[in-house]
Structure formats: structure tokens, C-alpha cells
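Chemist: Pasting a structure below so you can have a look.
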Amino acid sequence: MENKDIHILAIESSCDETAAAVVRNGRKVISNVISSQIDIHTLYGGVVPEIASRKHIERINQVITQALTEADMKLADMDAIAVTYGPGLVGALLVGVAEAKAISFATGIPLIGVHHIEGHICANYIENKDLEPPFISLVVSGGHTHLVNVMDYGVYEILGRTRDDAAGEAFDKVARAIGLGYPGGPKIDKVAKEGNPEAIDFPRAKVRDGEYDFSFSGLKSAVLNYLNSEKMAGREINVPDVAASFQKAVTDVLTEHSINALKAGSYKKFALAGGVASNSALRASMKEACEREGIKLYCPSPVFCTDNAAMIGVAGYYEYIKGNFADLSLNAIPNLKLGQR
Ligand code: KG4
Ligand code: ZN
């Protein structure tokens, strides 16, 4: 008998993108619609949670309709609805969760709750059909910095995490301090290309009792102190040099910890994930280190690095295969832990 294709309608609304996608058999993205709120949050220098929730409500139906239209499919063709239920902004998550529950209740299509970080890791499966666990993944986004041992589909061990700011958060805060605005990551990435990464020796924080843990708040303070002292001395700030030196300090630590974890576990596969994974300096540094160590590097295209629903559909597929369905009591969990259900 011919195997039936499994189609998942995925919904993502954990932060400032309202997104929906249709994914076939866990690896093929049929449609991927993302409505970004960046323009409105830029006015405030960062994501304003209440505005994010309101915008999700305005856009979610339209985004889902568009995802189905672009896939040339109907709701009735869907085998399951996968939705991000944490971690993230509670009001933002609730919009997606309530929407998915309402569709599931009205149509009888099974519901699946997906962990947002798991989604980021699963983004790597979309363009790399050969990638299968076990491997190590570094998830670097605006809210998270996790070094994860992906033992099997849906089975994770966290090897290291940030003790304070997430990597993307550090990019965003430093960008604001040097007058680049929000979102800072892509802006620092661009400006840093004109700067000298060796110009300023910013600290590479080591965390005591946590070989693979990260800390970025000290680096952020070091940048702010540097900016203040230069200003006091009446010297002009070289923005590209500050951006390049800060970026190098972040990418050095991310690369070193990842390579140490890969070598310690004799892993041969490494997958980058999350918004910061589209940073060109991080990609270059990881590429060079992985080539040196004989490790195969995977990295999603930028559109699958930042928040999207396709990655949620991929993660949802592997839960579907395991029969991990949610019922209508599914709720938003803002601080949901990876591996928790
Ligand atoms: O994964 P994502 O879209 O949202 C979260 O789950 O947090 O990541 C957004 C973060 C922001 O902090 C943004 O500044 C950062 O990813 N980012 C970058 C780049 N593109 C996005 N950081 C550094 N370089 C980039 N090219
Ligand atoms: Zn994210």
C-alpha cells in the first residue's frame, strides 16, 4: 500500500512574527507565510509585548488563510495542527494557541503543541534531508542561547545555556548603544564588515562551574564602559570597529564552547539554529572551526533561522509520528523547558 502523505498546518506567534506554514512529511515546506511586526516595534526600540499580542490577533487568520492558499490546500487536507506553546511572550503565545485550539475543535483535526527552541533546531531538517540525530546544535536567538545534544527526534540534553543575556539580546542592546537601532543583529552584522574585529579587546567571559555555559552581560557592560570612556576623553567612536570587535567576542565564545562540546562527545555533525545563526561572522567562524576538526556543519537559510512556522511544522511532524497529541487544555507556557511536555 502506498504511504499517505502527512500534512501539518503550523502556527507560530511566540514573539513578533505572526507565521503559518504547511509542511509535508516533516521535511518539505509547501508554504511559509511570515508577517513581521518589526516596523512597529522599531519605533519603540524593542518588542512591546502588548502590541505584539494585538498585532497577532489582527493578522493570524489572514496569515493562515494565505498559507493554505499558497499550498493550494484546504483545512480538511491537514492531518494535524502544530502550534508553538512556549517559551515566549505569554500574550503572544496565547493568540496562536487559542487559534489552533479553535480550529482543532471546529474541524476535529488533531492538535500538537511544539516547543519553540525545538522548532529552531528542526529548521535544519528542511534543507538537509541527510541530517538525522544524534548531533549537537547551538540555538542562538533573541531570547535563547542553548548548546543542545540532540539525542533523537524530540529527545534533548542541554549541555550549556546563557547565565544572563541571550546572544541576540546582546546584539540588540549593543546596537542600540552605538546608535544602530532595532533589531540590532543584522545591523551589527552589516556595519561590522567595514570594521576591524581586533581593534578593541572586549572580554570573552568564562563561566565558573559551567564549561559550556555562556555569559554576555559582562561583554555588554564592557562595550558600554568603552563607549563612555571614549566619550569622556572626547574621542569619536569608530562604530564599525566597535561592532566588529563586539561581534568577534561573541562568535569566539560561541565557537569555542561548541567545538569543545563536539570534541568531548566525538560528534561529527553540528547544526546552527535561531536568528543569530544567520550572522555572517558566526557562520564563517563555525565553518572554519568545523572544517579544521572534520565536523559537518549545518545551517538553515536565513528565512528559516529567524522565527517562522515551517520549523514548527517540522517539529510537529516528529511529535505526530510518536502520537504526541495535545488536547484542548493546551495552554501557553512562557518559560517552557526543552524536553518538557
Ligand atoms: O530566532 P529569532 O527570530 O527570535 C527569537 O526566538 O528570539 O531571533 C531574533 C534575534 C534578534 O536578537 C536579532 O537581532 C538576531 O536574532 N539576529 C541576528 C542576525 N539576524 C537576526 N543577530 C546577529 N546577526 C544577524 N545577522
Ligand atoms: Zn525564535
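The values are calculated or read from the model by the stated rules, or taken from the named source; none is laboratory data. The model shown is predicted, which means the values in this text are computed figures rather than measured ones. Every residue, glycine among them, receives a Cβ derived from its backbone with ideal geometry; neighbour counts consider all protein chains shown. What goes into the accessible areas is simple: the full protein's heavy atoms, side chains included, and nothing from ligands, DNA or RNA. Shrake-Rupley method; radii C 1.70, N 1.55, O 1.52, S 1.80 Å.
Chemist: Tabulate in residue order the Karplus-calculated ³J(HN,Hα) for region 273-285, using 6.51 cos²θ - 1.76 cosθ + 1.60 with θ = phi - 60°, rounded to whole Hz; enter x for Gly and Pro.
Modeler: These are the phi-based 3J(HN,Hα) values: 7, x, x, 6, 5, 8, 5, 5, 5, 5, 4, 5, 5 Hz.
Chemist: At a 1.4 Å probe radius, carbon and sulfur cover how many percent of the accessible area of the chain?
Modeler: C and S atoms contribute 52 percent here.
Chemist: Another one. Rounded to the nearest 10 Å², what accessible area does Val83 show when all protein chains are kept and the probe is 1.4 Å?
Modeler: Surface accessible to solvent at Val83 totals approximately 0 Å².
Chemist: Step through the residues of region 51-66 one at a time and calculate ³J(HN,Hα) from phi using the Karplus curve (6.51 cos²θ - 1.76 cosθ + 1.60, θ = phi - 60°), rounding each to whole Hz and writing x for Gly and Pro.
Modeler: Those phi angles translate into 5, 4, 4, 4, 5, 4, 4, 5, 9, 4, 4, 5, 5, 5, 4, 5 Hz.
Chemist: Moving to a separate point now. Given the protein chains as shown and a 1.4 Å probe, how many square angstrom of Cys299 are accessible, to the nearest 10?
Modeler: Spelled out: Cys299, probe radius 1.4 Å, area about 40 Å².
Chemist: Starting from the alpha-carbon convex hull of region 1-76, give the projected area averaged over all orientations, in nm².
Modeler: Projected over every direction and averaged, the Cα hull of region 1-76 covers 5.8 nm².
Chemist: Amide H of Ala271: which non-local residues (sequence gap of 5 or more, or other chain) have their own amide H closer than 5 Å, using H built in the peptide plane?
Modeler: Residues meeting the criterion, in which the H sits 1.01 Å from N, are Ile136, Ser137, Leu138, Tyr298.
Chemist: Also, quick follow-up: Hey, can you grab everything whose amide H is under 5 Å from the amide H of Ala326? Only 5+ residues off in sequence or another chain; H modelled, so Pro and N-termini drop out.
Modeler: Answer set, sorted by chain and number: Leu111, Ile112, Gly113.
Chemist: Leaving out ligands, DNA and RNA but keeping every protein chain, what accessible area does Val155 have, in Å² rounded to the nearest 10, with a 1.4 Å probe?
Modeler: Its accessible surface works out to 60 Å², give or take rounding.
Chemist: Here is a further query. Could you tell me the distance between the Cα centroids of region 277-305 and region 306-336, to the nearest Å?
Modeler: 26 Å
Chemist: Here is a further query. Could you please put Asp77, Asp165, Asp172 in sequence from largest to smallest accessible area, using a 1.4 Å probe?
Modeler: From most exposed to least exposed: Asp77, Asp172, Asp165.
Chemist: Next question, about the same structure. Pop the C-beta distance of Asp201 and Met151 into the FRET formula with R0 = 35 Å and round what comes out to the nearest 0.05.
Modeler: 0.40
Chemist: Follow-up. I want to verify the translational diffusion coefficient of region 132-302 in µm²/s; compute it with Stokes-Einstein, Rh as the Kirkwood radius over Cα pairs, at 4 °C and 1.567 mPa s. Present the calculation step by step, with values, prior to reporting the outcome.
Modeler: Details: Rh = 16.3 Å.
Translational diffusion coefficient: 80 µm²/s.
Chemist: Next up: Run the simple label-point estimate for Val303 and Lys337 please: 7 Å along Cα→C-beta, distance reported in nm.
Modeler: Reported label-point gap for Val303 and Lys337 is 3.7 nm.
Chemist: What FRET efficiency would be calculated for the residue pair Ser217, Thr69, taking the C-beta separation as r and a Förster radius of 56 Å, to the nearest 0.05?
Modeler: 0.80
Chemist: Hey, what do the phi angles of region 119-134 turn into as Karplus ³J(HN,Hα) couplings, whole Hz, using 6.51/-1.76/1.60 and θ = phi - 60°, x for Gly and Pro?
Modeler: x, 4, 4, 5, 4, 5, 6, 4, 9, 10, 5, 7, 6, 9, x, x
Chemist: Using the reciprocal of the averaged 1/r over all distinct C-alpha pairs, how large is the Kirkwood radius of the chain in Å?
Modeler: Across the chain, the inverse of the average 1/r is 20.5 Å.
Chemist: Counting helices only, and only those DSSP H runs with n ≥ 4, report the 222 nm mean residue ellipticity of the chain as the sum of -39,500 (n - 2.57) divided by its residues, in deg cm²/dmol to the nearest 500.
Modeler: Result for the chain, helices only: -14000 deg cm²/dmol.
Chemist: What is the count of Lys pairs in region 132-302 whose alpha carbons sit under 17 Å apart, if the two are 8 or more places apart or on different chains?
Modeler: Lysine pairs, 8 or more places apart or on different chains, close enough: 20.
Chemist: In addition: May I ask you to list the residues of region 44-71 whose amide nitrogen lies under 17 Å from a point 7 Å from Cα along the Cα→beta-carbon direction of Phe105?
Modeler: 61
Chemist: Something else: Work out, step by step, the length gained on full extension between Ile158 and Glu288: first 0.36 nm times the residue separation, then minus their alpha carbon distance; give nm to one decimal.
Modeler: Here the segment from Ile158 to Glu288 would lengthen by 44.4 nm.
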